[in-house]
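Data block below; observations after.
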Amino acid sequence: MGFIADVRLGHDELPLVPTMKRQPDVTLRREYESATDGSRVLFVSAFGDGYASLEETLADDPTVSEPTCVATFGHRAIYRLAVETGLAILPDWCAEHGLYVFTVTSDRTGWVARIHLPDRDALAAIRRRYRERGVSFRVDRLHDSSAADDGTYFLTDHQRDLLLMAYEAGYFDIPRRVTQDELAERLEVSDSAVSQQLRRAISTLIAATLENGRPVDDPV
């Protein structure tokens with residue numbers, strides 16, 4: 001039981017928020033964080049065609065230091081960073097309230113976390129503790145976890161709207177009735193941003209579908 005929620009966390013001193021504002025075409029995904037010798041180390045994945053220039057932006061971000069690219073995979077790069085801010089994306093006390101994290105990704109001006117909570121009291125307590133630290137905490141979606149077996153739930157509203165618009169415009173038709181450039185013009189964003197957002201949405205949808213289990217007659 002419990003609840004699944006999409007929450008937006010906003011504060012200029014949260015790790016990597018300055019980078020998000022300077023390079024909105026790059027999507028960041030928090031992988032994990034650890035503490036060593038009193039310092040905090042954050043690992044993030046960067047997605048998009050613009051991540052080649054990301055290291056320069058990271059070097060100017062006051063919330064992190066020592067950006068190191070540890071691996072690259074096509075349109076994805078993984079970075080290790082030292083955290084230089086007192087604010088945490090997911091403070092240790094979140095575990096005290098039974099919070100479980102599915103994903104944490106950037107959204108231009110802050111972080112979007114998909115989380116599971118045991119009850120509404122836990123949600124209220126976590127919201128209060130974030131706000132006490134000056135971090136905005138906005139719930140975009142809240143669902144009973146027992147009703148969240150539809151794979152499309154795992155798409156954000158923006159991803160769902162983007163896929164719906166692309167589908168209705170004929171982007172997935174054979175032959176295509178609209179190009180990626182034309183989608184970008186409608187959304188008033190760059191072609192690379194549309195490419196990255198479509199890939200992320202489709203990847204999320206496929207992953208959620210596969211996680212629901214294979215058919216019983218699947219020989220694999």
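The values are calculated or read from the model by the stated rules, or taken from the named source; none is laboratory data. Fair warning: this is a prediction, and the values are worked out from it, not measured in the lab. As a convention, Cβ positions derive from the backbone with ideal geometry for all residues, glycine included, and neighbour counts pool all protein chains shown. Side chains are part of the model used for accessible areas, which takes the heavy atoms of the whole protein and leaves out ligands, DNA and RNA. Shrake-Rupley method; radii C 1.70, N 1.55, O 1.52, S 1.80 Å.
Which of the residues spanning the range 84-102 are open to solvent by less than 60 Å² (accessible area, probe 1.4 Å) and either within 26 Å of ARG200 (Cα to Cα) or not β-branched (Val, Ile, Thr) (or both)? Don't jump to the end; show me each part of the working.
Initially, the range 84-102 is screened for residues open to solvent by less than 60 Å² (accessible area, probe 1.4 Å), giving 85, 87-91, 93-94, 97-99, 101.
LEU87, ALA88, ILE89, LEU90, PRO91, TRP93, CYS94, HIS97, GLY98, LEU99, VAL101, listed by residue number.
Taken over the range 103-119, the criterion of being under 25 Å from LEU58 (Cβ atoms) and either out of contact with any Pro (no Cβ under 6 Å at 6 or more places or on another chain) or free of Cβ contacts under 8 Å to residues at least 60 places away in the same chain (or both) is satisfied by THR103, VAL104, THR105, SER106, ASP107, THR109, GLY110, TRP111, VAL112, ALA113, ARG114.
Among the residues here, ARG138 does not qualify as open to solvent by 60 Å² or more (accessible area, probe 1.4 Å) and out of contact with any strand residue (DSSP E or B) (no Cβ under 7 Å at 6 or more places or on another chain). Could you look through the range 105-130, keep only residues that are more than 21 Å from the chain's Cα centre (by Cα) and open to solvent by 60 Å² or more (accessible area, probe 1.4 Å), and pick out the one that is modelled with the lowest pLDDT? Looking at the filtered set, the residue picked out is ARG120.
So for the range 156-166 (the condition being open to solvent by 30 Å² or more (accessible area, probe 1.4 Å), farther than 23 Å from ASP25 by Cβ and modelled with pLDDT under 90), does at least one residue qualify? Within the range 156-166, none of the residues are open to solvent by 30 Å² or more (accessible area, probe 1.4 Å), farther than 23 Å from ASP25 by Cβ and modelled with pLDDT under 90.
Apart from one condition, ARG177 fits all of (1) outside any helix (DSSP H, G or I); (2) touching a helix residue (DSSP H, G or I) at 6+ places or on another chain (Cβ under 8 Å); (3) open to solvent by less than 80 Å² (accessible area, probe 1.4 Å); the exception is (3). Of all the residues in the range 21-40, those that are among the aliphatic types (A, V, I, L, M) and either under 27 Å from ALA122 (Cβ atoms) or surrounded by fewer than 17 Cβ atoms within 10 Å (Cβ to Cβ) (or both) number 2.
Could you pull out the residue among LEU81, LEU58 that is within 22 Å of ALA193 (Cβ to Cβ) and not acidic (Asp, Glu)? From the options LEU81, LEU58, the qualifying one is LEU58.
Please verify whether ASP12 is under 20 Å from PHE137 (Cα atoms), among the acidic types (Asp, Glu) and out of contact with any strand residue (DSSP E or B) (no Cβ under 8 Å at 6 or more places or on another chain), treating the condition exactly as stated. The answer is yes for ASP12. Given the options VAL178, VAL135, VAL194, name the one that is under 18 Å from the mean Cα position of the chain (by Cα) and modelled with pLDDT of 85 or more. Answer to the selection: VAL135.
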